[in-house]
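Take a look at the structure below.
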Amino acid sequence: MHERYKLSEAQYFYSKMIKENATRENFCYEMSAFLVAARSVLQHALEEAKNKHGGQKWYDTIVSKSIILSFFKNKRDFNIHEGLISLRTDCTVMIGEEIGIHDSISVVLQDKDGNVIGKFDTSGSPPETDKPKPTVIGKYQHFFDDWKGKEDILELCKIYINELELLISDGISNKFITG
């Protein structure tokens, strides 16, 4: 009944996750909202399908066959009922070719609570030059600690969205849900 609406809501929060990817705290806020909206797709589908002949079996079969649907169901349930989801953030820093020997780079490592656990600094006095400053690009990737694959959270969420779209299409074509 409301599956497509909740899927659109999940896609909205997914787009916000992409935008907030470089800010871990904001990324986690958007991920939490994504998990709730995406899980609602399944809850609405079950609620509608279970009242139709074969609907409960259809729902159970689809969810049990999908590692992604089950994984995210558990993530949302943990996030709502037990605590914060544990994730790892990797940051790759790329520096353009114009960096010189006297330029400096500072890196501060923090744990999940914001405590400083390490520092690295290559301080030096910058040379006087007319060269443009180097380009520094940071690439952030977030990973679930308990996911065995190589996919990051954004990749997994995209797969989850695709599986929810397939579930909705299949449910509509089999007349278990209206979408």
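Read the figures in this text as sums done on the coordinates, not as results from a lab. This structure is a prediction, so every number in the text was calculated from the model and none was measured. Backbone-built Cβ (ideal geometry, glycine too); neighbour counts: all protein chains shown.
Points to keep in mind about this one:
- Legend: ranking of residues 139, 50 from fewest to most surrounding C-beta atoms inside 10 Å; resulting order 139, 50.
- Over 27 Å (Cα to Cα) - which of 52/158; 73/175; 75/119; 75/158; 19/57; 52/73 fall in this group: 52/158; 75/119; 19/57
- The relative contact order of the range 1-82, computed from alpha carbon pairs under 8 Å that lie at least 6 residues apart in sequence, is 30 percent.
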